[in-house]
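What follows is a set of notes on a single structure, which appears directly below.
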Amino acid sequence: MARSSMNISDCISKIYQEIPSNIRLIAVTKQVDAARIRETYRKAGLKDFGENKLQEALPKKELLSDLDDLCWHFIGHLQANKAKKVLEEFQWIHSVDNLSLLQRLERLAHQMNIQRSICLQVKALPDPDKFGWTIEQLWQDIAEIEKCQTLQIKGLMTILPLGLSKEEKIAAFSSIRNLAQTLSQSSSLSLDQLSMGMSGDYLEAVSSGATMIRLGEALFGNRN
Ligand SMILES: *Cc1c(COP(=O)(O)O)cnc(C)c1O
């Protein structure tokens, strides 16, 4: 049966038959309207929602502002001039993809006196079309990253390039898990969270140690 004709609770139960219950499922709601987000919350009990564009997220968040136990995750490329607003609106930012952005967020979070959870976005494989640290750059920047006092740097996030085999996906996700472990052992950071896995690769991500998966089409059907 096509996902779009399945109701959202059945869809989520089906996914939880495939993955451990302690995996945090983030419903990616780009192009999904506020009414459908509300239904996902009411019928399926999901509380974690991810958006990749601030301008799209704001009116939906406004319409859902009566639901005070939602947790909003920013997962898209973040431009420096939107950093303050994203800090105000989102509890998690998964897509911090360079040092100067991280330092700006740190300064702002300190000034605003707020705590936010952060993932560092890393490229598991070379990919000119994606944002994120390369593994080498991340090692170079780690001493500066460790200086963040206000932001809570919780883990790594990755997006794999398209077209990989199952084995290649597992190898790429596992390299990010190993990177998080090695960095945690050799710095003051505790990178316990791994935000990896989307509709096309979440099973490989979970088998490679993902703690958070970000699902859009697997829950809501195909986007345009
Ligand atoms: C769109 C998006 C997702 C969800 O993708 P699906 O293939 O629809 O599951 C996950 N992460 C990021 C960063 C995205 O932009």
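The values are calculated or read from the model by the stated rules, or taken from the named source; none is laboratory data. Computed from a predicted model, the values in this text were never measured in an experiment. Counting neighbours? That spans all protein chains shown, and the Cβs are built from the backbone with ideal geometry, glycine included.
Taking the conditions (1) on the phi < 0 side of the Ramachandran plot; (2) modelled with pLDDT of 95 or more; (3) away from the ligand (no atom under 16 Å from the Cβ) in turn, residue 128 satisfies each one other than (2). Residues that are surrounded by fewer than 17 Cβ atoms within 10 Å (Cβ to Cβ), within 16 Å of the ligand (Cβ to nearest atom) and over 15 Å from residue 154 (Cβ atoms) do occur in segment 181-200.
Among the residues of segment 136-146, is there at least one that is surrounded by 14 or more Cβ atoms within 10 Å (Cβ to Cβ) and under 17 Å from the mean Cα position of the chain (by Cα)? Working first, answer last.
Our first condition is that a residue be surrounded by 14 or more Cβ atoms within 10 Å (Cβ to Cβ); within segment 136-146, this holds for 137-139, 141-142, 145.
Those left that are additionally under 17 Å from the mean Cα position of the chain (by Cα): none.
No: zero hits.
Residue count for segment 160-177 satisfying the condition of being within 16 Å of the ligand (Cβ to nearest atom) and either of a type in the set (D, E, K, R) or under 26 Å from residue 187 (Cβ atoms) (or both): 5. Please determine whether any residue of segment 172-180 is assigned to a helix (DSSP H, G or I), touching a residue at least 12 places away in the same chain (Cβ under 8 Å) and of a type in the set (Phe, Trp, Tyr). Looking through segment 172-180, at least one residue is assigned to a helix (DSSP H, G or I), touching a residue at least 12 places away in the same chain (Cβ under 8 Å) and of a type in the set (Phe, Trp, Tyr).
Does residue 167 count as over 29 Å from residue 217 (Cβ atoms) and either part of a strand (DSSP E or B) or among the acidic types (Asp, Glu) (or both)?
No.
Might you let me know whether segment 147-159 holds any residue that is in a helix (DSSP H, G or I) and more than 15 Å from the ligand (Cβ to nearest atom)? Looking through segment 147-159, none of the residues is in a helix (DSSP H, G or I) and more than 15 Å from the ligand (Cβ to nearest atom).
Of the residues that make up segment 102-112, is at least one without any contact (Cβ under 8 Å) to a residue 12 or more places away in the chain, at negative phi and either not acidic (Asp, Glu) or not in a loop (DSSP other than H, G, I, E, B) (or both)? Give the derivation first.
Within segment 102-112, the subset without any contact (Cβ under 8 Å) to a residue 12 or more places away in the chain is 107, 111.
Then drop every residue that is not at negative phi, which leaves 107, 111.
With the extra rule that they be either not acidic (Asp, Glu) or not in a loop (DSSP other than H, G, I, E, B) (or both), the set shrinks to 107, 111.
Yes, there is a match, as at least one residue in segment 102-112 is without any contact (Cβ under 8 Å) to a residue 12 or more places away in the chain, at negative phi and either not acidic (Asp, Glu) or not in a loop (DSSP other than H, G, I, E, B) (or both).
Just one of the numbered conditions (1) within 15 Å of the chain's Cα centre (by Cα); (2) within 19 Å of residue 216 (Cβ to Cβ); (3) of a type outside the set (D, E, K, R) is not true of residue 64: (1). Of all residues in segment 30-49, exactly one satisfies the criterion of being within 16 Å of the ligand (Cβ to nearest atom) and on the phi > 0 side of the Ramachandran plot, namely 31.
Pairs are defined by a Cβ separation below 9 Å, a sequence spacing of at least 6 or placement on different chains, a first member in segment 138-157 that is among the basic types (Lys, Arg), and a second member that is assigned to a helix (DSSP H, G or I); the pairs so defined are 147/103; 147/106. Give the residues of segment 201-224 that are in a helix (DSSP H, G or I), within 12 Å of the ligand (Cβ to nearest atom) and over 11 Å from residue 158 (Cβ atoms), sorted by residue number. Scanning segment 201-224 gives 202, 217, 218, 219, 220.
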